[in-house]
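Asker: Sharing a structure, written as structure tokens. Questions coming.
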Amino acid sequence: MEPKLKVEDFFDLTKTSHRTLFEGPEIVYVWDVLKKIKDYVKANLKPGIHGKVMETAIVEKDVTIGEGTVVEPGAYIKGPSIIGKNCEIRQGAYIRGDVVVDDGAVIGHTTELKMCYIGQKAEVPHFSYVGDSIFGFKGHLGAGVKISNLKLTRDQVVLTIGGKKFETGLRKLGCILGDESEIGCNAVCNPGTVIGKLCIVYTNTAVFG
């Protein structure tokens, strides 16, 4: 049986403000979305601060901050990045660019994001790193979860699922986290971790593939 690796196997596209990011003939498997992020952000970015940026927070040019969003002191947001409406960007968060944070999401204290999509009402609230990843609606990380996006050998990420190998064409691939899935505190997702909808990963677990 062919593994379920299409976008619709992971995400309900009625629960995203960025549906076109997930659509198109180039999207064969869910990780192909990552190949679109850089161009998507560039094409859809409308720089402007429509929420509240608190004192000592830094928001560089080429960043959108949506209505109702609060960027707390000490947060640093590099462009190009799109931050949606009613988000919390908490103290000490670091957003490095080529990032889409959808409406109602929480990016927490000392959490770092790079080249990723964080879905509506998703939460990355404490001490996490998320790079080259796609998180769905209400995806949640416990404190200290790390998403590893680069193999020690620095070569292409190849997934083995159901005994079949899938060449991703990506040198960097972190985690695909389906809608309403949760990863427990201090877990590590190795490069090329693919987690479906409504899943739970227990604390202190190392997961991959």
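The values are calculated or read from the model by the stated rules, or taken from the named source; none is laboratory data. These numbers come from a predicted model, not from an experiment. In this analysis, Cβ positions are derived from the backbone assuming ideal geometry, glycine residues included, and neighbour counts consider all displayed protein chains. Note: areas computed on protein heavy atoms with side chains; ligands, DNA, RNA excluded. Shrake-Rupley method; radii C 1.70, N 1.55, O 1.52, S 1.80 Å.
Asker: Count, please, the residues in region 42-71 that happen to be of a type in the set (Lys, Arg) and in a strand (DSSP E or B).
Answerer: Residues meeting the conditions: 1.
Asker: Take the residues of region 1-32 that are open to solvent by 60 Å² or more (accessible area, probe 1.4 Å) and either of a type in the set (Asp, Glu) or in contact with a Lys or Arg (Cβ under 7 Å, 6 or more places away or on another chain) (or both): which is modelled with the lowest pLDDT?
Answerer: Filtering region 1-32 for residues that are open to solvent by 60 Å² or more (accessible area, probe 1.4 Å) and either of a type in the set (Asp, Glu) or in contact with a Lys or Arg (Cβ under 7 Å, 6 or more places away or on another chain) (or both), the one modelled with the lowest pLDDT comes out as Glu2.
Asker: For region 44-57, name all the residues that are aliphatic (A, V, I, L, M) and open to solvent by 80 Å² or more (accessible area, probe 1.4 Å).
Answerer: Pass one, region 44-57, residues aliphatic (A, V, I, L, M): 45, 49, 53-54, 57.
Ile49 - this is the single residue of region 44-57 that is aliphatic (A, V, I, L, M) and open to solvent by 80 Å² or more (accessible area, probe 1.4 Å).
Asker: Next question, about the same structure. What are the residues in region 116-134 that are open to solvent by less than 30 Å² (accessible area, probe 1.4 Å) and either in contact (Cβ under 8 Å) with a residue 60 or more places away in the chain or under 10 Å from the mean Cα position of the chain (by Cα) (or both), if any?
Answerer: First, the residues of region 116-134 that are open to solvent by less than 30 Å² (accessible area, probe 1.4 Å): 116-119, 122, 124-125, 128, 130-134.
If the condition is that a residue be open to solvent by less than 30 Å² (accessible area, probe 1.4 Å) and either in contact (Cβ under 8 Å) with a residue 60 or more places away in the chain or under 10 Å from the mean Cα position of the chain (by Cα) (or both), then Cys116, Tyr117, Ile118, Gly119, Ala122, Val124, Val130, Gly131, Asp132, Ser133, Ile134 are the ones that fit.
Asker: Please go through region 102-115 and give me each residue that is within 10 Å of the chain's Cα centre (by Cα) and in a loop (DSSP other than H, G, I, E, B), ordered by number.
Answerer: Answer for region 102-115, where residues must be within 10 Å of the chain's Cα centre (by Cα) and in a loop (DSSP other than H, G, I, E, B): just Asp102.
Asker: Taking region 72-101 as the region of interest, how many residues are open to solvent by 60 Å² or more (accessible area, probe 1.4 Å) and in a strand (DSSP E or B)?
Answerer: Qualifying residue count for the region: 3.
Asker: If Asp62 satisfies every condition in (1) closer than 29 Å to Val157 by Cα; (2) surrounded by 15 or more Cβ atoms within 10 Å (Cβ to Cβ); (3) not basic (Lys, Arg) but one, which is the exception?
Answerer: Single failed check for Asp62: (1).
Asker: I'd like the residue in region 33-43 that is in contact with a strand residue (DSSP E or B) (Cβ under 9 Å, 6 or more places away or on another chain) and open to solvent by less than 90 Å² (accessible area, probe 1.4 Å) and, out of all such residues, is nearest to Glu8 (Cα to Cα). Walk me through it before giving the result.
Answerer: To start, the set of residues in region 33-43 that are in contact with a strand residue (DSSP E or B) (Cβ under 9 Å, 6 or more places away or on another chain) comprises 33-34, 37-38, 40-41.
From what's left, open to solvent by less than 90 Å² (accessible area, probe 1.4 Å): 33-34, 37, 40-41.
Details: Val33: 12, Leu34: 15, Ile37: 18, Tyr40: 19, Val41: 22 Å.
Checked region 33-43; the qualifying residue nearest to Glu8 (Cα to Cα) is Val33.
Asker: Search region 29-46 for residues that are more than 14 Å from Ile82 (Cα to Cα) and pair each with any residue that is small (Gly, Ala, Ser) and surrounded by 19 or more Cβ atoms within 10 Å (Cβ to Cβ) when their beta-carbon atoms are under 9 Å apart and the residues are at least 6 apart or on different chains.
Answerer: That search, which allows pairs on different chains as well, returns Val30/Gly178; Trp31/Gly192; Leu34/Ser133; Leu34/Gly174.
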